[in-house]
2 protein chains.
Amino acid sequence: MTDSPVSSGIARLATADAGFEARLSSLLAWEGVSDAAVQQRVDEIIEAVRRRGDAALVEASNRFDRLSATTMAELTLSAERLRQAYDGLPAAQREALAQAAERIRLYHERQKPESWHYTEADGSVLGQQVMPLDRAGIYVPGGKAAYPSSVLMNAIPAHVAGVREIIMVVPTPDGVLNELVLAAAHLAGVDRVFTVGGAQAVAALAYGTETVPRVDKIVGPGNIYVATAKRAVFGQVGIDMIAGPSEILVVSDGGTAPEWLAMDLFSQAEHDEDAQAILVSWDAAHLDAVEAAIDRLLPTLEREAIVRESLARRGALIECASREEAMALINRIAPEHLELSVANPEGWLPEIRHAGAIFMGRYTAEALGDYCAGPNHVLPTSGTARFSSPLGVYDFQKRSSIIHCSAEGASTLGKVASVLARGESLTAHARSAEYRIKE
Amino acid sequence: MTDSPVSSGIARLATADAGFEARLSSLLAWEGVSDAAVQQRVDEIIEAVRRRGDAALVEASNRFDRLSATTMAELTLSAERLRQAYDGLPAAQREALAQAAERIRLYHERQKPESWHYTEADGSVLGQQVMPLDRAGIYVPGGKAAYPSSVLMNAIPAHVAGVREIIMVVPTPDGVLNELVLAAAHLAGVDRVFTVGGAQAVAALAYGTETVPRVDKIVGPGNIYVATAKRAVFGQVGIDMIAGPSEILVVSDGGTAPEWLAMDLFSQAEHDEDAQAILVSWDAAHLDAVEAAIDRLLPTLEREAIVRESLARRGALIECASREEAMALINRIAPEHLELSVANPEGWLPEIRHAGAIFMGRYTAEALGDYCAGPNHVLPTSGTARFSSPLGVYDFQKRSSIIHCSAEGASTLGKVASVLARGESLTAHARSAEYRIKE
């Protein structure tokens, strides 16, 4: 008997295979649609919180998180409590968290859009004024997915944007608080924390209760109840994208150590069983070497079981014919994370139309971006990079158009508006414009 | 008997009234929520179009728009047909439309965000790449709300953004085509038009059919079926805000002619019975004069009946105590359109936190902005200016984060990432980062 490791079960595909496109489509398919039962429970929870405020919020929290609170005061954490959590961390963690926060802040400062305006020849002024939201709500999942890095990534852009008040909600199943999460909230500039979660927390943020102030936008990931509730309150408040499972597409030219690539794939797959890790290369021998490294390293992982399931269900090693085919796959998949483990990754950029974040070169492991490179780790999943962007400062600001016509400008524009308004049979529009036309 | 006109029935409020806040809240209240029956019909239509494509799309169009098409070819208009519509317009309309399109284009060119990056001391590069969407879908309502100006306002930002293909859908109830709408589509750079509407058009754009290509984002207003369908497909594609009725808040210092202000209010109220027109002033005699002008001018309006109903149901003349109270009302209401009919409107800008578009000074009638000033007329309604922005070039682009670590940079960041990843028990993340740490 040999000591050879158990195969990972990761799919091996080639673009030349018959049925490749169908295989790929089914591999990528993901629908986080909530069924009618979830929808109805969420609607009931939202209605209860809207109608009965704090009382309903406390009841739902007791029920779903197995607590025994009597008032919202017991489910409220002060800024002082957050500072204590930060002060209480071991020095190495405190420093690493502070360094990450500082780098994230510096990157996001560059992202800040500015107000602008211009003056026309007739003296009219046109422009756009950029202002922060008054109040943002950050949803942070509790339990096993409570990540301090997510607190930094969601709250720092809001803080940089100039949001007046940042409210965080985080459920505490069985009353368990995560000190790292609270410390991150302190660093990121969170003003108040309520230890509530689920659809009830989303409802409280959207409509306000006696204790929880109504916010203008809710961001942050959550389970199917949270996602369904966010979709339901969209319009009453702003929301960020509804996130699917996390995924990575790695493109390798064969020049990166197979162990490095295997570990990069694992770092995605270890999130949960639905996470997706795909490697593309035109070098078949290299794919063999990565597959062998996967089999060899898998048994050394703490989260081996999750990684095995995720790789077997949703992972793939894809052999393509050329750099051009790899590029086509990138734009077809529109990955959340794209790792370009190639020589001269800059040369690839102009052709990449869809990707949440692009990690360039052999040294830029996705994990560096997840924690501390600076750019946001909240990224569009499941192909939504086709139309959406990383979470950013721009998500916590909004614009107002500025129009200031001179007497001269109003007269000129009034003539055009009059013709068009009459073409639409909106004659009060026309007459309002015509009043401003000079003799 | 005197010849005095019938009173408009517009509400007269004062901030000093007992119960003012409650009156204002009920006046502003608007919920465009779809009931369960609408939801179910929309779900069925979406499912049918997803499953049976063109066939279901043709069936639904025949049924809801009273057509008798047999194939999608009969519901497709070519770019050539759009050009014909433009060429066929009377010269005055053709010129006014072209001038409006040109001004809208110039304004939106200024709005284009640029890609950016910076290099750190250790040679690492961070940045953000901005790219257009591949394909955008513009929904244009048919029937009485078919506005060529809306075609310009929705399609031009997409064109300026560099969207590769712009698809427009517009229902043609009883087969009636609006030549002005088609001409506007020609000017705005629309590539293809399908004469379909309702939830079936939204479903076709979101999922694609044999004839209608799948788009990446759907924008444009529609009735409750369209709004419900947009909410349902959100995530599969991007969508713009779900719009409520149009509204204006005019603030006057008493120095603008009462007739001008009356007509500005009418120009909002004439849209439909749910539209909202509110005037605020600290000059009670001036409010009296505007009210008299309203009563006097109302009988001269083509759309008198609509305006009367809209003013009686949702309009108001509000007397406040001071400029400060007027400012508080602006930020409380977060109006779609804000007209500052005051001396020195610039002085007001820094304090205005929430407004879709700000029309400054006595000459800047909202109607000028609706058609041809340049800024977009698709604006956040029902207080959503608290968290959202005018439609813009940025709605048709998305960003990708750029991270390119040098060997040196990866080593430094790897140490920080390792500590944080281990703090989150994500050890494959930690090991992926650690591979990049130098000895």
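Laboratory data are not the source of any read-out in this text; all were calculated from the coordinates shown. Nothing here was measured: the structure is a model prediction, and the numbers come from that model. Using ideal geometry, Cβ is built from the backbone for each residue, glycine included, and neighbour counts are taken over all protein chains shown.
Stretching the chain fully between residue B:313 and residue B:43 yields a gain of 93.9 nm (0.36 nm per residue, less the alpha carbon separation). Take each residue of peptide A:383-393, count the partner chain Cβ atoms within 10 Å of its Cβ, and average: the result is 6. Counting Cβ atoms of other protein chains within 10 Å of each residue's Cβ and taking the mean over peptide B:92-99 gives 4.
Here the peptides B:123-135, B:85-97, B:154-166 are ranked by packing, the mean other Cβ count within 10 Å, and the order with the highest first is B:154-166, B:123-135, B:85-97.
Distances between copies of residue A:283, taken at a point 7 Å out from Cα along the Cα→Cβ vector and listed shortest first: 7.8 nm. A simple packing score, the average count of other Cβ atoms within 10 Å per residue, orders the peptides A:222-228, A:200-206, B:314-320 as A:200-206, B:314-320, A:222-228, with the highest score first. The fewest-to-most ranking of A:46, B:306 by surrounding Cβ atoms within 10 Å reads B:306, A:46.
Start at zero, step by 20 Å, and the Cα-Cα distances of chain A spread as 22, 46, 27, 5, 0, 0 percent across the bins.
Relative to the dominant Cα principal axis of chain A, helix A:407-423 is inclined by about 80°. Modelled spin-label separation between residue B:110 and residue A:284, with each label point placed 7 Å from Cα along the Cα-to-Cβ direction: 5.9 nm. Remark: mean inter-chain Cβ contacts per residue of A:47-56 equal 0, using a 10 Å Cβ-Cβ cutoff to other protein chain atoms. Its Cα centre serving as origin, the protein assembly as shown has a Cβ charge dipole (Lys and Arg +1, Asp and Glu -1) of approximately 180 debye.
Pairs of alpha-carbon atoms within less than 8 angstrom and 6+ residues apart define the contacts here; what relative contact order does chain B have, in percent? Working shown, then result.
Numbers: 849 pairs, mean separation 89.5, N = 439.
RCO, chain B: 20 percent.
Inter-part distance, segment B:336-379 to segment A:253-301, computed on C-alpha centroids, equals 56 Å. The residue among B:92, B:70, B:113 whose Cα reaches farthest toward the positive pole of the charge dipole of segment B:68-118, with charges on the beta-carbon of Lys, Arg, Asp and Glu, is B:113. Does anything in segment B:147-166 have its amide N under 20 Å from the 7 Å Cα→Cβ label point of residue B:223, and if so which residues? Flagged as within label range: B:147-148, B:150-151. As a calculated quantity, the FRET efficiency between residue B:118 and residue B:6 at R0 = 56 Å, using C-beta atoms, amounts to about 0.30. The Kirkwood hydrodynamic radius of the protein assembly as shown, based on inverse pair distances between different Cα atoms, is 28.7 Å. To the nearest ten degrees, helix B:323-333 and the longest principal axis of the Cα atoms of chain B are 60 degrees apart. Each Lys and Arg Cβ is given +1 and each Asp and Glu Cβ -1; about its Cα centre, chain B then shows a dipole of about 1560 debye.
The angle between the Cα long axis of helix A:304-314 and the longest principal axis of the Cα atoms of chain A comes to about 70 degrees, rounded to the nearest 10. Once the C-beta distance of residue A:325 and residue B:102 is scaled by a Förster radius of 35 Å, the resulting FRET efficiency is 0.25 to the nearest 0.05. Amide H contacts under 5 Å for residue A:247: A:276, A:336, A:337, restricted to partners 5 or more places along the chain or on a different chain, H placed in the peptide plane at 1.01 Å from N. Its Cα centre serving as origin, segment B:202-314 has a Cβ charge dipole (Lys and Arg +1, Asp and Glu -1) of approximately 680 debye. Distances between copies at residue A:299, taken between label points 7 Å from Cα along the C-beta direction, are 9.7 nm in increasing order.
Report, in deg cm²/dmol and to the nearest 500, the calculated mean residue ellipticity at 222 nm for the protein assembly as shown, where each DSSP H run with n ≥ 4 adds -39500 (n - 2.57) and the sum is divided by the residue count. The partial results should precede the final answer.
Values: 32 runs with 378 residues, N = 878.
Dividing the helical sum by the residues of the protein assembly as shown leaves -13500 deg cm²/dmol.
Say the dipole of chain A comes from +1 at the beta carbon of Lys and Arg and -1 at that of Asp and Glu; which of A:412, A:380, A:350 then lies farthest toward its positive end? Working it through, the farthest residue towards the positive pole turns out to be A:412. Taking a straight line from the alpha carbon of residue B:230, these aspartates and glutamates sit under 13 Å away, with near neighbours fewer than eight places off in the same chain left out: B:43, B:216, B:240.
Dipole of the protein assembly as shown (Lys/Arg Cβ +1, Asp/Glu Cβ -1, origin at the Cα centre): which of B:22, B:150, A:79 lies farthest to the positive side? It is B:22.
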